[in-house]
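S.K.: What follows is a single structure, and I will ask about it in a moment.
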Amino acid sequence: MTKPLLEASGLVRRFGGVVALDHVELAAMPDEIVGLIGPNGSGKTTFFNVVTGIYGADEGRIIFDGNDITRSSSRAVYHAGISRTFQRSRLSLPLSIFDNIMIGNHKRLTQGIWFNLMRRASFKDEFEANYRAACGLVEVFEPKLVKRMFEPVAGLPMIDRRRIEICRALISQPKLLLLDEPSAGMTHEETKALMDDILLIRGRNPGLTIIIVEHEMGVIERITDRCVVLNFGRKIAEGPYRQVAGDRQVQEAYLGVA
Amino acid sequence: MALPGSRVSLLPGVAALALAAAYLIALLGAEKQTYIIVLLAAGIAAVLAAYWLKWLAPISRSFSDHEDALGAMSVIAAFAVAAYFHDDHFVLLLVVTVLLYTVATLGLNIQFGYAGVLNFAGASFFGIGAYTSAVLNSHTALPHLLVLLIGGVLAAMVGSLLLLPVLRTRGHYAALVTIAFALLLKTFLEVNDVLGGPQGLQVKGMNLFGWSFNDNISIGNFDLSFYFSYFVLSMILLAASFILVRRLERSWVGLNLDALRLDETASRCFGLDVERWKITAFTLGNFLIGLAGALFGMVSGFVAPNNYTFADSLILVSILLLGGIGNPWGLIVATIIVVVVPEKLQTIQEYRFLLYSLLVIAVLLFRPEGLLPRPVRRYFPGWRP
């Protein structure tokens, strides 16, 4: 049996008296798409924030790719190969599409001051190579955007901003992609188009593991291999969507039936 | 003379530069107050008219596509202005002041415009440079170009020591620390007898390979003000800083600084070392400010605590707000306005702070991104895929 790419065990995170994550166990296998679902406030985004080092864990361990990343900073988590999107789009609006995508490519860009300021010919080569890479990625999601690479993101509609955010997360070729409600604020058709793009990307990047937080159950049913359901910070169910959706506890959590 | 393959003409940029140079010559040469007021009003009216007629867009396109060529021509234009006033000490000193203040605001621009670290002690770091010149020129035999460099390094070092403890805080703590530093440094200089106390110190002029900058130059019966040598050196300093800041913006480093200014959390999630880049920007900015200050000390021949107060720092920040945060071209325009207008308009001298504040408020209300807003980053001017 292969080892999980990401394995969180006994993960606890408290905010004062509130237990946002209560001994959460979650594993994602290589090449798997895991849906992380649950009612509002059940700890899904907190789980992402703890994994990516924005919050520390109070208890438990997170193993990624064989290394313990429980105490790692956000920087270290990114360098280890985890990228994410945010529930509320966190693009830098005054910057261009290209700039925003390059922010996600930080670890593959040469960062030395001397290189950046003085070796402009080499810098130009690196710039052009990255421009092509960014265009190639954007083309998968929306070919029209390729012509607008140097326009500010502020002028784009929500769906394009989501696409750019996913491109920003993918450009560095992470091993694990965390998608936090990619369909928030979009119509059904837009959501469907975005999911098609995500499946296409996954087809082109064998080995890419995705954990997706989503409220659209249609999306979850269509793209996930397996679901983990959280409620009040606790894992209450796990398994393929159909099985989880039929679970009595899950129905109670969502519908509030006693 | 459009370059092959480029679709944007160089002409509007050249025309704008020529007009600006002619206007500056007229303004700097004017003596009578009524004439100056008419000239200023005409200038404002002309810019507004050009704005309504949409003549400014072709100019900015021309600048963004042919920046290297137009940059070189700007240097020529500055030389034309300086050559016109070749024997006028007062005007040349004013021009040199504009050049060196621009270098200092370019430094502030790296700090605030790119990295978002507000520095309210700009004049203090400028002063550190000037005092470095005063002390080193009098007490050591160090080559004066090296003294300039030391002035920059010293300002940069003091700045990074100041910022280190507050690096992890968010919001405006760094700004508060710089305000405290500005007030402290002035008091320190005033009570420190070694550094001349409130009276300050004399600064020996620049001496380059045995050639003293403080002597007038005569070639045949053609007389040059001694400020002309300072003008040349300041111009070199400005051109170098301008290129440096431009390259910085158009690199991954500039992108890092923008990213951390706009969203620190997201930057960290994409591997950015926020502290490292903040301190880099602050240090680099203070280096430029200190360098400009060191040369300015030699130009003015005199340093005193009263020249480097918190109010002077605010003027530097207001230049930044006025010109367009993040746009070096805007800084040049704004520095000319802020430095030249009160000098020429003697009638408003005592009201100049009032005028600055009104101007800044007006800009923030009606054009919040400054007179020349910063365009989207283009890594190589004129580059097309």
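The values are calculated or read from the model by the stated rules, or taken from the named source; none is laboratory data. Quick caveat, the model's predicted, so the values are computed rather than measured. Reconstructed Cβ throughout: ideal geometry from the backbone, glycine too, with neighbour counts over all protein chains shown.
S.K.: Check B:37, B:76 and return the single one that is of a type in the set (Val, Ile, Thr) and closer than 22 Å to residue B:228 by Cβ.
M.R.: Numbers: B:37 fails: closer than 22 Å to residue B:228 by Cβ.
The unique qualifying residue is B:76.
S.K.: Tell me, which residue of the stretch B:232-253 that is more than 14 Å from chain A (Cβ to nearest Cβ) and buried (at least 19 other Cβ atoms within 10 Å of the Cβ) is farthest from the chain's Cα centre (by Cα)?
M.R.: So the first thing to find is which residues in the stretch B:232-253 are more than 14 Å from chain A (Cβ to nearest Cβ), and the list is B:232-239.
Of the ones still in play, those that are also buried (at least 19 other Cβ atoms within 10 Å of the Cβ) are B:233-234, B:237-238.
Working: B:233: 15, B:234: 11, B:237: 11, B:238: 8 Å.
Looking at the filtered set, the residue picked out is B:233.
S.K.: Where in the stretch A:33-112 are the helices (runs of 4 or more DSSP H), entirely inside, with at least 1 residues that are farther than 30 Å from residue B:375 by Cα and more than 15 Å from the chain's Cα centre (by Cα)? I'd like the intermediate steps shown before the answer.
M.R.: Values: elements: A:44-51, A:74-80, A:97-104.
Passing ranges, in order: A:74-80.
S.K.: Which of the residues that make up the stretch B:328-380 are of a type outside the set (D, E, K, R), within 14 Å of another protein chain (Cβ to nearest Cβ) and under 22 Å from the mean Cα position of the chain (by Cα)? Walk me through how you get there before you give the answer.
M.R.: First, the residues of the stretch B:328-380 that are of a type outside the set (D, E, K, R): B:328-342, B:345-349, B:351, B:353-366, B:368, B:370-373, B:375-376, B:379-380.
Going one step further and asking which of them are within 14 Å of another protein chain (Cβ to nearest Cβ), we end up with B:368, B:370, B:373, B:375-376, B:379-380.
B:368, B:370, B:373, B:375, B:376 - these are the residues of the stretch B:328-380 that are of a type outside the set (D, E, K, R), within 14 Å of another protein chain (Cβ to nearest Cβ) and under 22 Å from the mean Cα position of the chain (by Cα).
S.K.: Among the candidates B:187, B:169, single out the residue that is in a helix (DSSP H, G or I) and of a type in the set (S, T, N, Q). Steps first, answer last, please.
M.R.: Numbers: B:169 fails: in a helix (DSSP H, G or I).
None of the others qualify; the one that does is B:187.
S.K.: Further question on the same structure: Going through B:94, B:28 one at a time, which residue ends up being assigned to a helix (DSSP H, G or I), surrounded by 17 or more Cβ atoms within 10 Å (Cβ to Cβ), of a type outside the set (Gly, Ala, Ser) and assigned by TED's automatic domain parsing to the domain that holds residue B:291? Full working, then the answer.
M.R.: Working: B:28 fails: assigned by TED's automatic domain parsing to the domain that holds residue B:291.
None of the other options fit; the residue is B:94.
S.K.: Do you know which of the residues in the stretch B:194-224 that are touching a strand residue (DSSP E or B) at 6+ places or on another chain (Cβ under 9 Å) and in a strand (DSSP E or B) is nearest to residue B:308 (Cα to Cα)?
M.R.: Within the stretch B:194-224, the match that is nearest to residue B:308 (Cα to Cα) is B:201.
S.K.: Before we move on, is residue B:108 buried (at least 20 other Cβ atoms within 10 Å of the Cβ), of a type outside the set (Lys, Arg) and modelled with pLDDT under 90? Step through it out loud before you land on a result.
M.R.: Working: buried (at least 20 other Cβ atoms within 10 Å of the Cβ): yes; of a type outside the set (Lys, Arg): yes; modelled with pLDDT under 90: no.
Answer is no for this residue.
S.K.: If you take the residues of the stretch B:268-283 that are in a helix (DSSP H, G or I) and closer than 19 Å to residue B:379 by Cβ, which of them is nearest to the other protein chains (Cβ to nearest Cβ)?
M.R.: Out of the qualifying residues, it is B:277.
S.K.: Which one of these is in contact with a Pro (Cβ under 6 Å, 6 or more places away or on another chain), of a type in the set (A, V, I, L, M) and either not assigned by TED's automatic domain parsing to the domain that holds residue B:245 or not in a helix (DSSP H, G or I) (or both): B:37, B:59, B:76? Let's see the steps before the verdict.
M.R.: Numbers: B:37 fails: in contact with a Pro (Cβ under 6 Å, 6 or more places away or on another chain); B:76 fails: in contact with a Pro (Cβ under 6 Å, 6 or more places away or on another chain).
Only one candidate qualifies: B:59.
S.K.: Return a yes/no flag: does the stretch A:25-38 have any residue that is loosely packed, with under 15 Cβ neighbours inside 10 Å, in the same structural domain as residue A:201 (by TED's automatic domain parsing) and over 18 Å from residue A:217 (Cβ atoms). Let's see the steps before the verdict.
M.R.: First, the residues of the stretch A:25-38 that are loosely packed, with under 15 Cβ neighbours inside 10 Å: A:25.
If we keep only those that are in the same structural domain as residue A:201 (by TED's automatic domain parsing) too, we end up with A:25.
With over 18 Å from residue A:217 (Cβ atoms) added as a condition, the list becomes A:25.
Yes.
S.K.: Since residue B:289 meets every condition but one in (1) out of contact with any Phe, Trp or Tyr (no Cβ under 7 Å at 6 or more places or on another chain); (2) of a type outside the set (Gly, Ala, Ser); (3) in a helix (DSSP H, G or I); (4) more than 14 Å from chain A (Cβ to nearest Cβ), which condition does it not meet?
M.R.: (1)
S.K.: Given the criteria closer than 30 Å to residue B:67 by Cβ, at pLDDT 85 or above and either assigned to a helix (DSSP H, G or I) or not aliphatic (A, V, I, L, M) (or both), does residue B:177 qualify? Reasoning before the result, please.
M.R.: Details: closer than 30 Å to residue B:67 by Cβ: no; at pLDDT 85 or above: yes; either assigned to a helix (DSSP H, G or I) or not aliphatic (A, V, I, L, M) (or both): yes.
In short, no.
S.K.: Do we have any residue at all in the stretch A:115-123 that's over 18 Å from residue B:264 (Cα atoms), within 12 Å of chain B (Cβ to nearest Cβ) and assigned to a loop (DSSP other than H, G, I, E, B)?
M.R.: First, pick out the residues of the stretch A:115-123 that are over 18 Å from residue B:264 (Cα atoms): A:115-123.
Subsequent filtering for residues that are within 12 Å of chain B (Cβ to nearest Cβ) retains A:115-123.
Then drop every residue that is not assigned to a loop (DSSP other than H, G, I, E, B), which leaves A:119.
Among the residues of the stretch A:115-123, at least one is over 18 Å from residue B:264 (Cα atoms), within 12 Å of chain B (Cβ to nearest Cβ) and assigned to a loop (DSSP other than H, G, I, E, B), which makes the answer yes.
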